[in-house]
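Quick notes on the structure that follows.
The values are calculated or read from the model by the stated rules, or taken from the named source; none is laboratory data. Note that this is a predicted model, so its numbers are computed, not measured. Please note: Cβ atoms are built from the backbone with ideal geometry, for glycine as well, and neighbour counts cover all protein chains shown. These accessible areas exclude ligands, DNA and RNA; they are computed on the full protein's heavy atoms, side chains included. Shrake-Rupley method; radii C 1.70, N 1.55, O 1.52, S 1.80 Å.
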Amino acid sequence: MLLPEHKLWRAVLGQAYEDAEMWADCPASVPSPRERIKARRYLRADSAHERSGLETVCEYADIPEDRVILWARRQYKFAA
């Protein structure tokens with residue numbers, strides 16, 4: 001059963017995804033490339049701090065964080 005709390009935290013993940021997908025030529029009202037990179041790092045769980053935050057959000061959203069991380073690492077390759 002999907003509780004309202006789950007929906008809220010899934011929206012948080014959805015916003016991180018939207019931020020990660022932003023293009024550089026978007027208007028000033030959308031996240032900058034720096035924020036896009038930050039969102040991608042968060043979804044990939046590049047650092048212990050990002051992983052901890054993502055694990056918490058995924059737990060509250062009732063979504064397995066390992067699936068989110070695996071998907072994000074395939075979708076957003078690490079910078080060279």
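Could you list, in sequence order, all residues of the range 40-68 that are under 19 Å from residue 3 (Cα atoms), without any contact (Cβ under 8 Å) to a residue 12 or more places away in the chain and in a helix (DSSP H, G or I)?
Hits for the range 40-68 are 55, 56, 59.
Let me spell it out: the conditions are (1) crowded, with 16+ Cβ neighbours inside 10 Å; (2) modelled with pLDDT of 95 or more, and residue 38 meets all of them except one. Which number is the exception?
For residue 38, the exception is condition (2).
Go over the candidates 19, 62, 46 one by one and state the one that is touching a Lys or Arg at 6+ places or on another chain (Cβ under 7 Å) and either open to solvent by less than 50 Å² (accessible area, probe 1.4 Å) or at pLDDT 90 or above (or both).
19
Scan the range 1-16 residue by residue and report those that are aliphatic (A, V, I, L, M) and open to solvent by less than 90 Å² (accessible area, probe 1.4 Å).
Passing the criteria: 2, 3, 11, 12, 13, 16.
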